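The values are calculated or read from the model by the stated rules, or taken from the named source; none is laboratory data. Keep in mind the model is a prediction, meaning the values are calculated, not measured. For neighbour counting, all protein chains shown are included, and Cβ atoms are generated from backbone atoms with ideal geometry for every residue, glycine included. To get the accessible areas, we keep the full protein, side chains included, count just its heavy atoms, and leave off ligands, DNA and RNA. Shrake-Rupley method; radii C 1.70, N 1.55, O 1.52, S 1.80 Å.
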Amino acid sequence: MHEQFSDQDNHAIGHAGRRELIAWAFYDFANSGYVTVVQTTIFSTYFVAVVAGGAAGVSPGLATLLWSLSVGFANFIVMLSAPLVGALADVRACKKRLLLLSSIGCILMTALLALVGPGDYPLGMVLVMLSSVMFAYGENLVAAFLPELVTEEKMGRLSGYGWGLGYVGGLLTLLFCLGYITWAKHQGMTEAEAVPGTLLITAAIFALAAMPTFLWLKERAIPSSVPLGWALFAASFGRLRHTLQEARRFRDLIWFLITMAVYQSGVSAVIVLAAIYAQQVMGFDTHSLIVLVMVINVTAAVGALLCGQLQDRIGSSTTLAITLVIWIAALIGAYFAETREDMWIVGNVIGVAMGSSQAVGRALVSKFSPAERAGEFLGLWGLVNRLSVIVGPLSYGLINYWSGGNHRLSLLSTLAFFVLGLLLLFKVDEDRGRAAANHSMSNGGF
């Protein structure tokens, strides 16, 4: 971070100081442990193998489907409500308050997952759904701060820093969890018996690491005069409806959101089910799986940081096209992988692609969004992300169930999302999309 991250105490749009920028990026550090431990690595494999596995008498294919349904239903709830939450945050200028509430909710539900044991898959599904909903709200709300903090030219860089720091947070959380599991095994516990402790560790790290965000991040937006109560929600819905009606003025934003819905479905399937694939197909145990994901987090952090720099130089669309090609190559490699060594290579290639594609997507939507409607437009971004977490994992889970647990066949559906997403991306004109957002701002919004 250089001169653009100065320590000026400036409340103007696009002129945040160094401390505030770090505080914003640190939320990615804080909440990434939830994704890494609960959705990606430890609890997902624990749910399929133990909670809904042998003790419950559920077949592996059905257990994978139940996990996919849990994540999918949570994101269905968010998909319907996130745009309204974003519009509400804009109308009342309460992004920070809503971010705090959603964070507390996710932390609490993550801690309660420690109570889920063998056969408790209904309780596990409910808690996963609630924690996923709260996590998604927080992800959308913190993203809505981005256009307020830096100018358009620096959004890609800051977004990259955030994603990169997020992967460091996931790595650190996994490191603590690995240390606890190692200690627990020396105390005579099995890996499965140690899982509840890792969930408490994850919740604690989230709570502690999110503190800088709530201490230093400023709410720059000014609330409107809409009164509290039903009128507020009606006004929020009216703004959302107006945004959708005005979609023709932001056609590249809308087209990119469609494109992102496709390729992000593939990303979501990998995030939610890659650990299950590694365990069920490649024979990874919990310890080796954690080590693999820790290394992947390092490569993902590098990918996110490099992507932040690259997209500010050659453009977000071109950078994203490169990452999608990397994704396609990685999944082809995963399909043909036969040994653990093959999976290590594929995993690290996936890490680079994941860090890059996540960072560039958020930045590009921000560039296409008028600053005064950031919450609403980033709410649409959140809606697309949630749709992808329904479509991607659910398609994988259904194919896995119908094929009797054939994970390699399920992987082909994930590959198809990236190929189609790359083709759709060619219709997005980045310069035209940025011009539309700037034109809206220069004319005083809608």
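Placing pseudo-labels 7 Å out from each Cα toward the beta carbon at Leu412 and His186 gives an inter-label distance of 4.8 nm. GNM on the chain, alpha-carbon springs under 10 angstrom: the most fluctuating residue among Gly169, Gly283, Gly347 is Gly283. Between the residues Ser131, Gln279, Ala93, the greatest Cα displacement towards the positive end of the dipole of the chain, with unit charges on the Cβ of Lys, Arg, Asp and Glu, is found for Ala93.
For region 75-223, the solvent-accessible area of protein heavy atoms averages 37 Å² per residue (probe radius 1.4 Å; ligands and nucleic acids excluded). Per-residue Karplus couplings for region 73-78, computed as 6.51 cos²θ - 1.76 cosθ + 1.60 with θ equal to phi - 60°, are listed in order as 5, 4, 6, 5, 4, 5 Hz, Gly and Pro entered as x. Considering only Ala203, Ala416, Ala144, the Gaussian network model of the chain with Cα springs below 10 Å gives its largest mean-square fluctuation to Ala416.
The charge dipole of region 299-421, taken about its Cα centre with unit charges on the Cβ of Lys, Arg, Asp and Glu (plus for the first two, minus for the last two), comes to roughly 180 debye. Distance between the modelled labels on Leu100 and Gln309, one decimal in nanometres: 3.8 nm (7 Å Cα→Cβ projection). Of the peptides 206-217, 263-274, the ranking by mean beta-carbon count within 10 Å, highest at the top, reads 263-274, 206-217.
Between Ala87, Ala435, Ala353, the residue with the greatest mean-square fluctuation in the GNM of the chain (Cα pairs under 10 Å linked by springs) is Ala435.
The value obtained for the chain, namely the Cα convex hull volume divided by the number of residues, is 129 Å³ per residue.
When the Cα positions of Tyr167, Ile322, Ser81 are compared along the charge dipole of the chain, Ser81 comes out farthest toward the positive end, with charges on each C-beta of Lys, Arg, Asp and Glu.
Sorted largest first, the spans of the alpha carbon positions of region 46-173 along the three principal axes are 55, 31, 24 Å. Rolling a 1.4 Å probe over the protein heavy atoms of the chain, with every protein chain left in place, gives an accessible area that is 68 percent carbon and sulfur. Cβ-Cβ distance of Arg249 and Lys427, R₀ of 22 Å, FRET efficiency by 1/(1 + (r/R0)^6): the value works out to about 0.85.
Treating the angle as unsigned and between 0 and 90°, give the value, to the nearest 10°, between the Cα long axis of helix 251-280 and the longest Cα principal axis of the chain. Between helix and principal axis, roughly 20 degrees. Taking a quarter of the surface of the Cα convex hull of region 173-217 gives a mean projected area of 3.1 nm².
In the chain, helical runs assigned H by DSSP with n ≥ 4 each contribute -39500 (n - 2.57); averaged across all residues and rounded to the nearest 500, the mean residue ellipticity at 222 nm is -26500 deg cm²/dmol. With every protein chain in place and a 1.4 angstrom probe, the accessible-area ranking of Ile258, Ile276, largest first, reads Ile258, Ile276. Backbone geometry of region 328-335 corresponds, through the Karplus equation with coefficients 6.51, -1.76 and 1.60 at θ = phi - 60°, to 3J(HN,Hα) couplings of 4, 4, 5, 6, 4, x, 5, 5 Hz, x marking Gly and Pro. When each of the peptides 423-429, 319-325 is scored by the mean number of other C-beta atoms lying within 10 Å of its residues, the order from highest to lowest reads 319-325, 423-429.
About its Cα centre, the dipole of the chain is roughly 820 debye, where the only charges are +1 on Lys and Arg Cβ and -1 on Asp and Glu Cβ. Helix 340-367 axis versus longest C-alpha principal axis of the chain: approximately 20°, rounded to the nearest ten. Counting only lysines at least 8 places from Lys185 when in the same chain, there are none with an alpha carbon closer than 25 Å to its own.
Longer than 19 Å from Cα to Cα, which of Lys96/Lys154; Lys95/Lys218; Lys96/Lys367 are they? Say none if no pair is. Cα-Cα > 19 Å for Lys96/Lys154; Lys96/Lys367; rest within.
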